[in-house]
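Engineer: Dumping the structure here so I can ask a few things about it.
What follows is calculated from the coordinates using simple rules that are stated; it is not laboratory data. Small disclaimer: the values here were computed from a predicted structure and weren't measured. Cβ sites come from the backbone with ideal geometry, for glycine too, and all protein chains shown count toward neighbours.
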């Protein structure tokens, strides 16, 4: 499959989301295992690596910076600010804080550059729009990072089409990142087309639906206590049991296509448009190879139509975020 454009960069059609090497889905892998996964991705042709200041409260950027520093010229390095771990309360414990003030964005970027051990971040996202701050102000601050040479291109995460266009009028937006998969179709409302209109890449995170579309997660009771999926309505036992009923016909479609369920999910995304770039994350080298193999899967128009119909948004049980988390994003809930 030909490479895809993201801002001034050309990358293979599938990148790597690095989050779960430090954060989110239970105990992360050991330092040696995480390093091996990153280097395996590099060896298998991955050039787009996605991290954020939030992940592990800086630990993920530190990992990525340490492991990939020697290969910096070979990769497109992406990170995010505006939502970080900050000391809160009398004890100063780190907590997730959304802060889109210009001074906070500059601070976040400066700290990320140190952890990543680089002079410039290729693509820097506003991780969440701080709705107390006009998007033009936050993006204006990011444009000054470009002027300083700290950042080469800027992106947004979890915003809708109207906010994207306001931001783009302030400074060109190279990419928009949000959740997109067969069971999260929100981007099809407007933002997927808006990205195409302004020439931005659409970077799809959680493209295999946080393991749901792999078929490997059959019992949510087995999730670790600290796993973030425990706070997501779709992974509540009653909702998840309803969603599991869709997997039998889905597996049948994967068999027809001659690929694994995970590859089918990624191939479907790649077929949504040449500006779509999925960034699956994994801690497994076998799953890494499997995911990258999706670029060799070609789906027929009929297969795509059947997948669209099977995962029609009304067929999915439960919202993707709880009420509080939903207030922090700028996307329409299905």
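Engineer: Normalise the Debye intensity by I(0) for the range 1-148, one equal point scatterer per Cα, no solvent, then take log10 at q = 0.11, 0.15, 0.17 Å⁻¹ and round to two decimals.
Structural biologist: -0.43, -0.79, -0.99
Engineer: Using the 2.2 N^0.38 Å rule of thumb for compact globular proteins, work out how the range 4-327 stacks up: its C-alpha Rg over that value, please.
Structural biologist: On the way: Rg = 18.9 Å, N = 324, 2.2 N^0.38 = 19.8 Å.
Here the Cα radius of gyration is 0.95 times the empirical estimate.
Engineer: Calculate, for residue 74 and residue 216, the FRET efficiency according to 1/(1 + (r/R0)^6) with r their C-beta to C-beta distance and R0 45 Å; round to the nearest 0.05.
Structural biologist: Values: r = 31 Å, r/R0 = 0.69.
It comes out at approximately 0.90.
Engineer: Using a 7 Å offset from the Cα along the Cα-to-Cβ direction at both residue 198 and residue 117, what is the distance between the two label points in nm, to one decimal?
Structural biologist: Distance between label points: 3.5 nm.
Engineer: Taking a cut-off of 29 Å, what percent of all Cα-Cα pairs in the range 178-334 are separated by more than that?
Structural biologist: Numbers: 1674 of 12246 pairs.
Tail of P(r) above 29 Å: 14 percent of Cα pairs.
Engineer: Still on this structure: Can you grab the distance from the C-alpha centre of the range 123-137 to the C-alpha centre of the range 55-106, Å, no decimals?
Structural biologist: Taking the Cα centre of the range 55-106 as reference, the centre of the range 123-137 is 15 Å away.
Engineer: By per-residue mean of other Cβ atoms within 10 Å, what is the highest-first order of 182-188, 97-103? Could the numbers behind the result be given before it?
Structural biologist: Numbers: 182-188: 20.7, 97-103: 16.9.
The densest-packed peptide leads the list: 182-188, 97-103.
Engineer: Taking only the alpha carbons of the range 77-169, what extent do you get along each of the three principal axes, in Å, biggest first?
Structural biologist: Principal-axis extents of the range 77-169 (Cα, largest first): 42, 30, 19 Å.
Engineer: Under 8 Å for C-alpha pairs, at least 6 residues apart: give me the relative contact order for the chain, rounded to a whole percent.
Structural biologist: Numbers: 626 pairs, mean separation 64.3, N = 334.
Taking the mean separation of contacting Cα pairs over the length of the chain, I get 19 percent.
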